[in-house]
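*Asks:* Structure in structure tokens, see below.
Bear in mind that the values in this text are calculations on the coordinates, not laboratory data. Keep in mind that this is a model prediction, so the values were computed, not measured. Here the Cβ positions follow ideal geometry from the backbone for every residue, glycine too, while neighbour counts run over all protein chains shown.
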Ligand SMILES: Cc1cc2nc3c(=O)[nH]c(=O)nc-3n(C[C@H](O)[C@H](O)[C@H](O)COP(=O)(O)OP(=O)(O)OC[C@H]3O[C@@H](n4cnc5c(N)ncnc54)[C@H](O)[C@@H]3O)c2cc1C
């Protein structure tokens, strides 16, 4: 029996990743106690619907992983509305904000992240991370006619799309020279920008907020180019800061997030980290954090395998999606290939129409090897691309030169056989 299966597992952070660790341990027969501590008062839920379905309609059901009773049925001790305040690594115990402490055989940190704050605080300024946040924004949207969205990244643009559909006048202010500059390839970001503009969203890129004040008439921002924006309220979506305070205070190695190996072990092998706050080994071996639904699940699955002493599941290509208006955009692998700061030689992007009418695919290549892909309304093609990227597939010239993605031929590349090779060449 591996260390930790006979002693208790304590999980700090009852979000998507922490919830998945607890559920999988219990479902797969972990023999010791499993305790899940969560600062929010709700059982673990998934966040993607918050900026989409729930903001459109706050009566949308809470996207819980499983109903609360399921934790009890599985014997998981849920400590909700409780915050862990300290970790004593020598005694292997965690202290909670009610003064109690819990011993652990294995500790899993799953504390996610907090929205980055602007250097000013205003009554009319919201952020979006939790169900409480989405309810507050939705309540404002009930009576508001206009909103200022600060940050042209994924969360900001999803909020912009959803509130625009609710009829609000929307202005987006982005300090970068274009929208989605952190991880979306330029042509894909351009399609999304065009769509927002067509819906009537005012997009202001390359400007920052110089000053802002609020009064009974609303919130008034002066931008760095001297122009002004007035809105009933603002939503800031400028990224998150990983919640690593506990880890840092007890001396774990951190580098943006808590540094872990491929088995999710931190610098203290009794402590694992998962989800948004874990800095996992990236393709170049350097620690990198990944703030996605898929990463929360994959890292949870890996941590569970480590705790149960099982083989670590094979790697997958990274994957992310966003929904804005009727655009479903999905990214996999390295989507910034050839970008100015990537230093990749020979990186190029090949654009093709998707197998589904109206969909577009963007294939990112190093030489002829597919290292990443982006899909607009082409989910089925994306599932093939994810497997191609994970397998490091080299795409034949004929496939790259065709203006349309050939999903059947591409699938053939995944099962190397004389028959599939013939299909590709045809
Ligand atoms: C609005 C929104 C939309 C998103 N949409 C998408 C999408 O479309 N596609 C996609 O791939 N990803 C999306 N994501 C990202 C995805 O939801 C996150 O990557 C995922 O939630 C990360 O899970 P996590 O468990 O690491 O962190 P979280 O879900 O943030 O959970 C961390 C939990 O730990 C708790 N906690 C923190 N400190 C303590 C403490 N000391 N003691 C106890 N509890 C503590 C927090 O309160 C929180 O509940 C979205 C995120 C947001 C916010």
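*Asks:* What value in Å³ per residue do you get for the convex hull of the alpha-carbon atoms in the stretch 256-307? Let's see the in-between values first.
*Replies:* Values: hull volume 3.3 nm³, N = 52.
Cα convex hull per residue, to the nearest whole number: 63 Å³.
*Asks:* Restricting attention to the alpha-carbon atoms of the stretch 1-135, what are Rg (one decimal) and Dmax (integer), both in Å?
*Replies:* Answer for the stretch 1-135, Rg first and Dmax second: 16.5, 54 Å.
*Asks:* Using the Cα atoms of the stretch 1-73, I'd like the radius of gyration and the largest Cα-Cα distance, Dmax, both in angstrom.
*Replies:* 14.3, 49
*Asks:* By average Cβ neighbour count within 10 Å, what is the ranking of 315-328, 283-296 from highest down? Intermediate results must be reported in sequence, preceding the final value.
*Replies:* Values: 315-328: 17.5, 283-296: 15.9.
Ranking the peptides 315-328, 283-296 by packing returns 315-328, 283-296.
*Asks:* Restricting attention to the alpha-carbon atoms of the stretch 117-236, what are Rg (one decimal) and Dmax (integer), both in Å?
*Replies:* In Å, with Rg to one decimal and Dmax whole: 13.5, 41.
*Asks:* At a 10 angstrom cut-off on C-beta neighbours, averaged per residue, how do the peptides 117-126, 221-230 rank from highest to lowest? The partial results should precede the final answer.
*Replies:* On the way: 117-126: 13.1, 221-230: 14.7.
My ranking of the peptides, most packed first, is 221-230, 117-126.
*Asks:* While we're looking at this one, here's another question. What is the distance in Å between the Cα centres of the stretch 17-75 and the stretch 185-248?
*Replies:* Each part's Cα centre sits 31 Å from the other's.
*Asks:* Quick check on the stretch 263-362: take the gyration tensor over C-alpha atoms, sort the square-rooted eigenvalues as a ≥ b ≥ c, and tell me if it's rounded (a/c under 1.5), prolate or oblate. List each step's numbers first, then the result.
*Replies:* Values: a/c = 2.62, a/b = 1.74, b/c = 1.51.
It is prolate, given that a/c is not under 1.5 and a/b is the larger ratio.
*Asks:* Let me ask something else. Using the alpha carbons of the chain, what is the convex hull volume per residue in cubic angstrom, as a whole number? Numbers along the way, then the final one.
*Replies:* Working: hull volume 68.0 nm³, N = 426.
Hull volume normalised by residue count: 160 Å³.
*Asks:* Sequence gap at least 6, Cα distance under 8 Å: using those rules, report the relative contact order of the stretch 112-250 to the nearest whole percent. Can you show the working numbers first?
*Replies:* Values: 243 pairs, mean separation 48.3, N = 139.
Answer for the stretch 112-250 is 35 percent.
*Asks:* Run the numbers on the chain and let me know its relative contact order in percent, using alpha-carbon pairs under 8 Å that are six or more apart.
*Replies:* Working: 943 pairs, mean separation 55.8, N = 426.
Relative CO of the chain lands at 13 percent.
*Asks:* Mean-square fluctuation check for the chain, GNM, Cα pairs under 10 Å: which of 93, 330, 16 is largest?
*Replies:* Residue with maximal mean-square fluctuation among 93, 330, 16: 93.
*Asks:* Hey, another quick one. Under a plain spin-label model, where a point goes 7 Å from the Cα along Cα-to-Cβ, how far apart in nm are residue 401 and residue 230?
*Replies:* About 6.1 nm separates the two model spin labels.
*Asks:* Right, here's the next one. If you scale each eigenvalue of the Cα gyration tensor by 5 and take the root, what three semi-axes come out for the stretch 166-231, rounded to whole angstrom and sorted largest first?
*Replies:* On the way: eigenvalues 115, 48, 13 Å².
Square roots of five times the eigenvalues give 24, 15, 8 Å.
*Asks:* Continuing with this model, one more query. Okay, which of the stretch 8-26 sit inside 12 Å, backbone N to the point 7 Å along the Cα-Cβ direction of residue 72?
*Replies:* From the stretch 8-26, the list is empty.
*Asks:* A follow-up question, please. Sort 66-73, 200-207, 33-40, 107-114 by the packing proxy (mean of other Cβ within 10 Å over each peptide's residues), most packed first. Walk me through the numbers before you get to the answer.
*Replies:* Working: 66-73: 13.1, 200-207: 15.9, 33-40: 21.5, 107-114: 26.2.
The densest-packed peptide leads the list: 107-114, 33-40, 200-207, 66-73.
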